[in-house]
């Protein structure tokens, strides 16, 4: 058995075969498939995988992500607390 040194691990990458399978599971047809996957690596840095069947799908994914980020930022803000106390 190979000794594993946790201080000297190879940089992990999600296998391309997994990303291809994920892509195949999205959308209803070949023309409307796509995904955006945001992860954190073993060193704590974020990385992003993205694949889409067309520019239109990519724009739709980006818009959905923008809305998600805007909404989550609004929920993270403490501004809503001051509204409740008025």
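No lab work stands behind these numbers, since they all come straight from the coordinates. Treat the numbers as computed from the prediction; the structure is a model and nothing was measured. Virtual Cβ from ideal backbone geometry, glycine too; neighbours counted across all protein chains shown.
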task = State whether the range 39-79 is rounded, prolate or oblate according to the following rule on the C-alpha gyration tensor (a ≥ b ≥ c being the square roots of its eigenvalues): a/c under 1.5 gives rounded; otherwise a/b larger than b/c gives prolate, and the remaining case gives oblate.
result = oblate
ask   = Okay, helix-only estimate at 222 nm for the chain: each DSSP H run of n ≥ 4 adds -39500 (n - 2.57), divide by all residues, round to 500 deg cm²/dmol; what do you get?
value = -14000 deg cm²/dmol
message = Between residue 9 and residue 28, what is 0.36 nm times their sequence separation minus the Cα-Cα distance? Round to one decimal in nm.
response = 3.0 nm
request  = State, to one decimal in nm, how far the label point of residue 59 lies from the label point of residue 42, with both points 7 Å from Cα in the Cβ direction.
outcome  = 4.1 nm
query = Exposure proxy check: 2, 51 ranked by fewest other beta carbons within 10 Å?
reply = 2, 51
task = Taking the Cβ of each residue in 62, 45, 33 as the centre, tally the other Cβ atoms inside 10 Å and list the residues starting with the fewest.
result = 45, 62, 33
inquiry  = With only alpha-carbon pairs counted, each pair once and no self-pairs, how large is the Kirkwood hydrodynamic radius of the chain in angstroms?
reply    = 16.3 Å
task = Starting from the Cα of residue 66, step 7 Å along the direction of its Cβ; do the same at residue 19; then give the gap between the two resulting points in nm.
result = 2.4 nm
